[in-house]
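Peer 1: Sharing a structure here in structure tokens format.
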Amino acid sequence: MKRRLISVVSPCYNEELNVEACYEAVRQLFDAGGPLEQYDYEHIFADNSSKDRTVDILREITAADPRVRIVVNARNYGPFRSTFNAMRHTRGEAVVPMLPVDLQDPPELIPDLVERWEAGYLRVYGVRANREEGAVMRFLRGAYYGMVNRFSNIDIPENVAEFQLLDRKIVDSLLRFRDYYPYIRGMIANVGFAKESIAFEYTWRGRRAGISKNKAYDLVDQALNGIISFTNFPMRLAIFLGFSLAALSVLYGFVQLIINLISPHLAPPGIATLIVALFFLSGVQLALIGLLGEYISAIHFQVRQGDVLVERELINLEPLGGAADGARDSRQQDRLSAREA
């Protein structure tokens, strides 16, 4: 009986203190005596052009273990672009799209994910019920996830990240997206299969070693991308505020007119006119900017395409060659042929 292949993707950048521990944690699950010993696996590390010894350590690992593959990016493209590109190289029947090497998402839960997948679920996703981090960051993340879920055009469950197990059917659907800045958890939710999905709760742990490479600016950038990727709420909020200000300025103009008729010397001549004109024009401008944003947003969703990143080096991996779609179709055909054989 053919052993089923599981793919695990781990993005990394300057993580020389953690990559080996991450590799060992996954390897122990699949080696003899491990809970997943009946499966084959591949562990793809997506390195964002690290400046420390991360790639050197990974080279030593790949020299001893061919199940480990490396994508070395030409520069730092951020964790989401890097992860999504690495997913294009996966071959497994099921894929863990993101297992960060800092091990904050516990790899020992992967057997539970696989068990649920074998039970027939196409998507098994983790919910970060508890977080080993400061109260301020817990509050900010909770507020952000709640806002994204409330205003998105699709249902993106709160406190859900990319630590999931996805069936190949969902992965192939994801890889049809041509998004230069992929918001992966939103894309997964956008694919659908809600009835074939199941959640599980876990504790998001503190980092095992080192410090996070995600700075405040990176977190804000990722948060804004998550907001604009699957909602046009900010643009419509601008329209609402613009028309509201314009309406209030007209109302204020009537009130000021009545006041001037009753007490003509209460304010210097022309002041009321300037105030009304300022607020009215500001409101109209904001409304028009919002309307313009609607059109830009529509164009944005249509043309937000292009290559995700440039790969500098592949280790234990073959180049995709040609277009990504063609490569995926070829791989899908190979899998079908293997099953028929």
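Peer 1: Is there a residue being at pLDDT 75 or above and not basic (Lys, Arg) anywhere in the range 207-224? Outline the logic, then answer.
Peer 2: We begin by selecting, within the range 207-224, every residue at pLDDT 75 or above; these are none.
No, the range 207-224 contains no residue that is at pLDDT 75 or above and not basic (Lys, Arg).
Peer 1: Are any of the residues in the range 28-49 closer than 26 Å to residue 320 by Cα, part of a helix (DSSP H, G or I) and not hydroxyl-bearing (Ser, Thr, Tyr)? Don't jump to the end; show me each part of the working.
Peer 2: We begin by selecting, within the range 28-49, every residue closer than 26 Å to residue 320 by Cα; these are 39-49.
Applying the additional criterion that residues be part of a helix (DSSP H, G or I) yields none.
No.
Peer 1: Continuing with this model, one more query. Name, by its number, the condition in (1) over 20 Å from residue 146 (Cβ atoms); (2) surrounded by 13 or more Cβ atoms within 10 Å (Cβ to Cβ); (3) of a type in the set (Lys, Arg); (4) modelled with pLDDT under 75 that does not hold for residue 236.
Peer 2: (1)
Peer 1: Sort out which residues of the range 20-49 are touching a residue at least 60 places away in the same chain (Cβ under 8 Å) and surrounded by fewer than 22 Cβ atoms within 10 Å (Cβ to Cβ), and write them in order of number. Step through it out loud before you land on a result.
Peer 2: To start, the set of residues in the range 20-49 that are touching a residue at least 60 places away in the same chain (Cβ under 8 Å) comprises 21-22, 25-26, 29, 35-36, 39, 44, 49.
Passing the criteria: 21, 25, 29, 35, 36, 39, 49.
Peer 1: Search the range 173-191 for residues being at pLDDT 85 or above and in a loop (DSSP other than H, G, I, E, B), and hand back the single one that is most open to solvent (accessible area, probe 1.4 Å).
Peer 2: 176
Peer 1: Which residues, taken from the range 1-19, are part of a loop (DSSP other than H, G, I, E, B) and open to solvent by less than 10 Å² (accessible area, probe 1.4 Å)? Explain how you work it out, then say what you get.
Peer 2: Taking the range 1-19 first, the residues part of a loop (DSSP other than H, G, I, E, B) are 1-4, 13-18.
Within the range 1-19, just 18 meets the criteria.
The values are calculated or read from the model by the stated rules, or taken from the named source; none is laboratory data. Quick caveat: nothing in here was measured; it's all calculated off a predicted structure. Here the Cβ is made from the backbone with ideal geometry for all residues, glycine too, and neighbour counts use every protein chain on show. Areas reflect the complete protein model, heavy atoms only, side chains present, ligands, DNA and RNA absent. Shrake-Rupley method; radii C 1.70, N 1.55, O 1.52, S 1.80 Å.
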